[in-house]
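Report on the structure given below.
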Amino acid sequence: ALPRHRKARCWDAGPDGRALLDRICAGVSDVLAPDGDVLLVHSAVCDTALTLDALTRVGLTAQVLDRATVPFGPVMRGRAALLESRGLIRPGQRFEELVVVGARRA
């Protein structure tokens, strides 16, 4: 379950970080122009393969366009112990890979 209060909800996208991302992927083909593209930028902690699969399921061709490894910012540093306990990052990991996923109609 997601936190109920605004401040906590700002930084929590569910146990695996995909609560909003999955909603975007599921509905993007309904709002995407026929020749439109969607670009999503997210942490690989949220599982890039799941994003690619979700976009493919709604009829889009998706691919990773770019990647960058960056040190954890303040939010990720503050949540590192929680992310470790959920198995989303390795113990002691303090860098994350950011990915740019692009998709268009197949």
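The values are calculated or read from the model by the stated rules, or taken from the named source; none is laboratory data. Values in this document were obtained by computation on a predicted structure and should not be read as measured data. All Cβ positions, glycine included, derive from the backbone under ideal geometry; neighbour counts span all protein chains shown. Accessible surface areas use protein heavy atoms only, side chains included; no ligands, DNA or RNA. Shrake-Rupley method; radii C 1.70, N 1.55, O 1.52, S 1.80 Å.
Remarks
- Label point at Leu65 placed 7 Å out along Cα→Cβ; residues across the stretch 26-49 whose backbone nitrogen lies under 11 Å: 37-41
- Fully extending the segment from Val41 to Arg104, taken as 0.36 nm per residue of separation minus the present Cα-Cα distance, adds 21.2 nm.
- Taken one residue at a time, the phi angles of the stretch 56-65 give Karplus couplings (6.51, -1.76, 1.60, θ = phi - 60°) of 5, 4, 9, x, 9, 9, 10, 7, 7, 9 Hz. Gly and Pro are set to x.
- Accessible area (Å², per residue) of the stretch 14-106, counting only protein heavy atoms and a probe of 1.4 Å: 59 Å²
- J(HN,Hα) series, the stretch 91-106, from Karplus relation 6.51 cos²θ - 1.76 cosθ + 1.60, nearest Hz, glycine and proline x: x, x, 5, 9, 10, 9, 9, 9, 10, 10, 9, x, 8, 8, 4, 5
- Amide H within-cut-off set for Phe72, under 5 Å, with H built and near neighbours excluded: Phe95, Glu96
- Sequence-ordered 3J(HN,Hα) estimates for the stretch 31-47 from the Karplus curve with 6.51, -1.76 and 1.60 and θ = phi - 60° stand at 10, 7, 4, x, 10, x, 10, 10, 10, 10, 10, 7, 6, 5, 4, 7, 6 Hz, glycine and proline given as x.
- Computed over protein heavy atoms with a 1.4 Å probe, the carbon and sulfur contribution to the accessible area of the stretch 42-106 reaches 55%.
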